[in-house]
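Asker: The structure under discussion is supplied below as structure tokens; questions concerning it will follow.
The values are calculated or read from the model by the stated rules, or taken from the named source; none is laboratory data. These numbers were taken from a predicted model, which means no experiment stands behind them. Here the Cβ positions follow ideal geometry from the backbone for every residue, glycine too, while neighbour counts run over all protein chains shown. Ligands, DNA and RNA are stripped out before the accessible areas are found, and what is left, the full protein with its side chains, is counted by its heavy atoms. Shrake-Rupley method; radii C 1.70, N 1.55, O 1.52, S 1.80 Å.
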Amino acid sequence: MNIQPPNSSSIKSRFAVKFVQAMKRLSKRRGMGDRYKRYRATRAAARVSLAAAVGPERAWSRAVLRRIKKRRGLIGRTTTNPRRNLRGLVPGGKGMDYCSLLSETAHYITCLQAQVQVMQDMLHLSSP
């Protein structure tokens with residue numbers, strides 16, 4: 001298995017562009033007056049933007065994009081088996097062997113860190 005770390009700067013820039021586009025579309029939507037609806041829509045936009053920025057090369061990003069297309073919610077299950085817990089946390093992890101699951105988890109964590117950094121940077125730029 002060839003494990004390569006993601007280029008976080010390119011992921012950050014692709015995510016930032018896709019996330020800003022998604023937020024522009026959300027700002028044009030009607031019926032977003034409820035704070036909880038805005039929160040859920042922003043969270044979904046961030047999740048989809050990150051998966052789209054990574055592309056279909058990774059199993060977790062394909063799983064996120066498939067899940068959004070099917071309009072299903074996230075299903076979490078608590079078990080005592082750490083492998084099962086990890087499989088539930090990483091999108092698409094349920095169908096992976098353990099080595100692939102660890103590789104996808106490492107990539108997913110790196111991408112989530114890039115997502116958080118971009119969102120923090122955007123928040124700081126928008127603050128007076």
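Asker: Quick one: Leu86 ticks every box in (1) at pLDDT 90 or above; (2) open to solvent by less than 80 Å² (accessible area, probe 1.4 Å); (3) part of a helix (DSSP H, G or I) bar one, so which box is it?
Answerer: All conditions are met except number (1).
Asker: Sticking with this structure for a sec: Can you tell me which residue within the range 19-54, out of those that are outside any helix (DSSP H, G or I) and open to solvent by 100 Å² or more (accessible area, probe 1.4 Å), is modelled with the lowest pLDDT?
Answerer: We begin by selecting, within the range 19-54, every residue outside any helix (DSSP H, G or I); these are 29-34.
Applying the additional criterion that residues be open to solvent by 100 Å² or more (accessible area, probe 1.4 Å) yields 29-30.
Working: Arg29: 82, Arg30: 77.
Across the range 19-54, the extreme among qualifying residues is Arg30.
Asker: Please list, ordered by first then second residue, the pairs with beta carbon atoms under 6 Å, 6 or more apart or interchain, first in the range 17-33 and without any contact (Cβ under 8 Å) to a residue 40 or more places away in the chain and of a type outside the set (A, V, I, L, M), second open to solvent by 60 Å² or more (accessible area, probe 1.4 Å) and part of a loop (DSSP other than H, G, I, E, B).
Answerer: none
Asker: Moving on. Residues of the range 89-124 being open to solvent by 70 Å² or more (accessible area, probe 1.4 Å) and either in contact with a strand residue (DSSP E or B) (Cβ under 9 Å, 6 or more places away or on another chain) or more than 26 Å from Lys24 (Cα to Cα) (or both), which ones?
Answerer: Hits for the range 89-124 are Leu89, Lys94, Gly95, Asp97, Tyr98, Cys99, Leu102, Ile109.
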